[in-house]
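Notes for the one structure printed next.
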Amino acid sequence: MMKAEDLRAKTQDELKDELVGLRKEAFNLRFQKASGQLENTARVRQVRRDIARIKTVLGNRAETAS
């Protein structure tokens, strides 16, 4: 699980890269779930929340930059 403090310390590019990676992982997890191969069901929730955290930090930065 990522912490918001750790995310705020990262640059915008690092956050976007992390977001892309998490979205790919979320896709793969959905694919595994559909094919019945998903073992760690809690990871789906964790990835979704990490994506939300990153998007929140990016949104806050966009607000303060405006």
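Table: residues versus (1) at pLDDT 95 or above; (2) of a type in the set (Asp, Glu); (3) part of a helix (DSSP H, G or I).
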| position | (1), (2), (3) |
| --- | --- |
| Leu29 | yes, no, yes |
| Gln32 | yes, no, yes |
| Asp50 | yes, yes, yes |
| Thr64 | no, no, yes |
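Quick one: which of Lys3, Lys16, Lys55 is surrounded by fewer than 12 Cβ atoms within 10 Å (Cβ to Cβ) and either out of contact with any strand residue (DSSP E or B) (no Cβ under 9 Å at 6 or more places or on another chain) or among the acidic types (Asp, Glu) (or both)? Can you show your working first?
Working: Lys16 fails: surrounded by fewer than 12 Cβ atoms within 10 Å (Cβ to Cβ); Lys55 fails: surrounded by fewer than 12 Cβ atoms within 10 Å (Cβ to Cβ).
Going through Lys3, Lys16, Lys55 in turn, just one is surrounded by fewer than 12 Cβ atoms within 10 Å (Cβ to Cβ) and either out of contact with any strand residue (DSSP E or B) (no Cβ under 9 Å at 6 or more places or on another chain) or among the acidic types (Asp, Glu) (or both): Lys3.
Determine whether Arg8 is of a type outside the set (S, T, N, Q), modelled with pLDDT under 95 and surrounded by 10 or more Cβ atoms within 10 Å (Cβ to Cβ). Yes: the conditions hold for Arg8. Given the criteria buried (at least 16 other Cβ atoms within 10 Å of the Cβ) and more than 15 Å from Met2 (Cα to Cα), does Ala34 qualify? For Ala34, the condition - buried (at least 16 other Cβ atoms within 10 Å of the Cβ) and more than 15 Å from Met2 (Cα to Cα) - is not met. For the stretch 30-66, the tally of residues that are under 15 Å from Lys16 (Cα atoms), over 10 Å from the mean Cα position of the chain (by Cα) and among the charged types (D, E, K, R) stands at 1.
Each residue in the stretch 4-13 was checked for being without any contact (Cβ under 8 Å) to a residue 12 or more places away in the chain and closer than 25 Å to Ala42 by Cα, and 2 of them qualify.
The values are calculated or read from the model by the stated rules, or taken from the named source; none is laboratory data. Computed from a prediction, not measured in an experiment: that's the story for all the values here. Methodologically, a virtual Cβ is constructed for each residue, glycine included, from the backbone with ideal geometry; neighbour enumeration extends over all protein chains shown.
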